[in-house]
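Note sheet for the following structure.
The values are calculated or read from the model by the stated rules, or taken from the named source; none is laboratory data. The model shown is predicted, which means the values in this text are computed figures rather than measured ones. A quick note on method: Cβ atoms are made from the backbone with ideal geometry, for glycine too, and the neighbour counts reach across all protein chains shown.
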Amino acid sequence: MTESTAPRRGAARAASRRGTLVGWALLAPALAAYIGFVVVPFGMGIQYSFYDWNGVGVATWVGFENYAKVFTDATLLASIGNAFVLIIYFTIIPVGTGLILASLIRSMRAGAFSTISQAVLFLPQIIPLAAAGIAWSWMYAQTGTINQILGWVGLGGLARPWLADYGTALPAVGLIGSWVLTGLCTVLLLTGIGKIETSLYEAIRLDGAGWWREFFTITLPGLRQEIAVLVTITVIAALSSFDIIYTSTQGGPGRATLVPGISIFRIGFTQSDVGLASAFGIVLMVIVLAVVLPIQRLSRSSR
Amino acid sequence: MIVSRTEVVIGRILLIVVLIATVLPLISMISAALQPADVNPTGLVWPSDPQWGNFVTAFETGHVWTLMVSSSLIVLGVVPASLIIATLAGYALGAMKVKGSRWILIFFVLGLTIPFEALIIPLYYQAQGLGTLNTQLAVVFPLLGLYMPFSVFWMRAHFVNVPTELSEAARVDGASVWQEFRSIQLPLAMPALSALAILLFLWTWNQFLLPVVLIADPLQRTVAGALTFFQGQYSLSIPLLNAGALIIITPAIIVFLIFQRQFIRALLQGAVKG
């Protein structure tokens, strides 16, 4: 037995060595692209973040000064604050709407209506976010559709240029995010709810439970994984929003809708403070990770 | 299934409200685009004299044709290469389970949550160093890297689920790694590959930040990136701006309507796996 397996094991080991070599050769292009255009720039960003540099002249080492500025500068802090406020509109409203819709509809019989609704719900996913920004700046304009509808229902007194008003600009921009993400959340949650055992629902209904109890005891736990996924995606979208804001408000009025993405762009390319912009970039990356990782942990440990 | 009547009705009404809210901005764009180009439009109206000519004007003054070509070049630079590279890597990680796969996978997964804004400053100076700044390559190269974590993750997820018996049987029959890959793995991977192709196409076509920062000439950007140019060009004419934006979003919507089922499946899977 041992005699006959020994050479074969040797051959297997040689084959596996050759396999490893082939494997690494297959991995090489992917690693090269990823390292070359993500990891290396990341390293460059860290390096820049310790310097005072205008992009052309001589760079001077400033240690952690740029990071200190990120956490003390009122404008930069305001932009981080705005990004967290956007979570209400990018995450809570779309996921909440999706949950309510999915739990009410629960199953959609395949048919023309469901096909059309799916297509419509997905439209905002297809068009560029920048175009959504343009479409909505027009919706929100003084003579735009929102004010017109308010006039129709007798609330014309509320009419205003929504994106130019300090008080309403951030919620208005946030609602563009809700518009983009609600469809995705609804369809994904509907798909998820379709996978929950219908017998569970029948049992609890026979038990005399109403919509609320059913929602909290069956629907919500059953959709935990889908919810975790959607919360992750939408929170990242909120914290790193750029396109919508760039084409609708550019961060204004004042700094009412300023977000980290716009700040980095302005500091780096308009004010040419490459060090500060890079430091803010690193901070943004850390914030996203710090918010997203616990969500992953939660969804996993509670399963 | 027991669902009470009122719930069904409320659900339907709510759904219809959401559907209307979803199409409203698009209809409002059409309404604006059809109003006379030189006056400030008013909300939702079917204009008595629809100005279809606005679309022609926007198409010409917006150089839409040039933009479409430029966008297509960027897509052609990003999508096929990404698919090939990610398939090779996904195969090595998922099917061959190369030594150290776990760590390499984690290395890639770490890149999944990186906001593009966080890297945009160094990417600008890197492109300047490489001499690609202000050319389409300035966008193509970084996108290859930035989409790689997702693409590799996606293809690995496919290959890891292919039963190992298949490749073992092929190896017993004396197939080389390449033959096995060609005639067994690749055909099985087609659904995963086409879904990934759809996602990469959409993300590249709609990419905004990179073209805006890395290509100064709007006519060499993606169509999405050129929207800022439209905003500058038509700052005085909301009808023309809306007409231009509508022209820009139409190709993607047409492709979406044709491949609707595949798109929705890809986006749903993309969400879950991402």
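Residue A:214 - would you say it is over 30 Å from residue A:81 (Cβ atoms) and buried (at least 17 other Cβ atoms within 10 Å of the Cβ)?
Working: over 30 Å from residue A:81 (Cβ atoms): yes; buried (at least 17 other Cβ atoms within 10 Å of the Cβ): yes.
Yes.
The condition (being of a type in the set (Gly, Ala, Ser) and within 26 Å of residue A:167 (Cα to Cα)) is satisfied by just one residue among A:251, A:268: A:251. Of the residues making up the stretch B:168-178, those that are within 11 Å of chain A (Cβ to nearest Cβ) and assigned to a helix (DSSP H, G or I) are B:171, B:177, B:178. Quick one: is residue A:156 of a type outside the set (D, E, K, R) and out of contact with any helix residue (DSSP H, G or I) (no Cβ under 7 Å at 6 or more places or on another chain)? Answer is no for this residue.
Taking the criterion of being within 7 Å of chain A (Cβ to nearest Cβ) and either within 18 Å of residue B:248 (Cα to Cα) or within 25 Å of the chain's Cα centre (by Cα) (or both), the residues of the stretch B:9-20 that qualify are B:18, B:19.
Can you find a residue in the stretch B:153-163 that is closer than 10 Å to residue B:95 by Cβ, of a type in the set (Phe, Trp, Tyr) and either surrounded by 11 or more Cβ atoms within 10 Å (Cβ to Cβ) or without any contact (Cβ under 8 Å) to a residue 60 or more places away in the chain (or both)? Yes, the stretch B:153-163 has at least one match. Residues of the stretch A:203-231 that are aliphatic (A, V, I, L, M), assigned to a helix (DSSP H, G or I) and within 11 Å of another protein chain (Cβ to nearest Cβ): A:203, A:204, A:206, A:228, A:229, A:230.
Filter the stretch A:267-281 down to the residues that are among the hydroxyl-bearing types (Ser, Thr, Tyr) and in contact with a helix residue (DSSP H, G or I) (Cβ under 9 Å, 6 or more places away or on another chain) and list them by number.
First, the residues of the stretch A:267-281 that are among the hydroxyl-bearing types (Ser, Thr, Tyr): A:270, A:272, A:278.
The answer is A:278, and nothing else.
Somewhere in the stretch A:195-202, is a residue assigned by TED's automatic domain parsing to the domain that holds residue A:106, crowded, with 23+ Cβ neighbours inside 10 Å and either free of Cβ contacts under 8 Å to residues at least 12 places away in the same chain or in a loop (DSSP other than H, G, I, E, B) (or both)? No, the conditions are met nowhere in the stretch A:195-202.
For residue A:275, the criteria (1) facing chain B (nearest Cβ under 10 Å); (2) under 30 Å from residue B:6 (Cα atoms); (3) more than 13 Å from the chain's Cα centre (by Cα) hold in every case but one, which is (2). Of the residues contained in the stretch A:284-296, one or more are found to be under 18 Å from the mean Cα position of the chain (by Cα), surrounded by fewer than 23 Cβ atoms within 10 Å (Cβ to Cβ) and more than 26 Å from residue A:43 (Cβ to Cβ).
Select, from A:119, A:131, A:141, the only residue that is out of contact with any Ser or Thr (no Cβ under 7 Å at 6 or more places or on another chain), outside any helix (DSSP H, G or I) and either within 11 Å of chain B (Cβ to nearest Cβ) or at pLDDT 90 or above (or both). Explain how you work it out, then say what you get.
Numbers: A:119 fails: outside any helix (DSSP H, G or I); A:131 fails: outside any helix (DSSP H, G or I).
Step by step, each of A:119, A:131, A:141 is checked, and only A:141 is out of contact with any Ser or Thr (no Cβ under 7 Å at 6 or more places or on another chain), outside any helix (DSSP H, G or I) and either within 11 Å of chain B (Cβ to nearest Cβ) or at pLDDT 90 or above (or both).
Can you name the residue in the stretch A:148-160 that is in a helix (DSSP H, G or I) and more than 7 Å from chain B (Cβ to nearest Cβ) and is also farthest from residue B:15 (Cα to Cα) among such residues? Full working, then the answer.
Residues of the stretch A:148-160 in a helix (DSSP H, G or I): A:148-152, A:156-158.
When the remaining residues are screened for being more than 7 Å from chain B (Cβ to nearest Cβ), the result is A:149-152, A:156-158.
Details: A:149: 20, A:150: 21, A:151: 24, A:152: 22, A:156: 26, A:157: 29, A:158: 26 Å.
Residue satisfying both the conditions and the ranking: A:157.
Going through (1) surrounded by 15 or more Cβ atoms within 10 Å (Cβ to Cβ); (2) touching a residue at least 40 places away in the same chain (Cβ under 8 Å); (3) more than 10 Å from chain B (Cβ to nearest Cβ) one by one, residue A:73 falls short only on (2). A count restricted to the stretch B:202-227 and to residues that are within 13 Å of chain A (Cβ to nearest Cβ), surrounded by fewer than 19 Cβ atoms within 10 Å (Cβ to Cβ) and in a helix (DSSP H, G or I) stands at 1. None of B:153, B:181 is at pLDDT 90 or above and within 11 Å of another protein chain (Cβ to nearest Cβ) except B:153.
Taking the conditions (1) modelled with pLDDT under 85; (2) in contact with a helix residue (DSSP H, G or I) (Cβ under 7 Å, 6 or more places away or on another chain) in turn, residue B:139 satisfies each one other than (1).
Taking residue A:162, is it assigned by TED's automatic domain parsing to the domain that holds residue A:232 and surrounded by 18 or more Cβ atoms within 10 Å (Cβ to Cβ)? Yes, satisfied. Applying the criterion of being surrounded by 22 or more Cβ atoms within 10 Å (Cβ to Cβ) and part of a helix (DSSP H, G or I) to the residues of the stretch A:43-57, the residue that is farthest from the other protein chains (Cβ to nearest Cβ) is A:48.
How many of the residues making up the stretch A:248-266 are assigned to a helix (DSSP H, G or I) and either in contact with a helix residue (DSSP H, G or I) (Cβ under 7 Å, 6 or more places away or on another chain) or crowded, with 20+ Cβ neighbours inside 10 Å (or both)?
Counting residues in the stretch A:248-266 that are assigned to a helix (DSSP H, G or I) and either in contact with a helix residue (DSSP H, G or I) (Cβ under 7 Å, 6 or more places away or on another chain) or crowded, with 20+ Cβ neighbours inside 10 Å (or both) gives 7.
Here is a check on your reading of the model: is residue B:85 of a type outside the set (Ser, Thr, Tyr), within 9 Å of chain A (Cβ to nearest Cβ) and loosely packed, with under 14 Cβ neighbours inside 10 Å? Criteria not met by residue B:85.
Tell me the residue from A:120, A:85 that is among the β-branched types (Val, Ile, Thr), surrounded by fewer than 24 Cβ atoms within 10 Å (Cβ to Cβ) and closer than 18 Å to residue A:261 by Cα, please.
On the way: A:120 fails: closer than 18 Å to residue A:261 by Cα.
Exactly one of A:120, A:85 is among the β-branched types (Val, Ile, Thr), surrounded by fewer than 24 Cβ atoms within 10 Å (Cβ to Cβ) and closer than 18 Å to residue A:261 by Cα, namely A:85.
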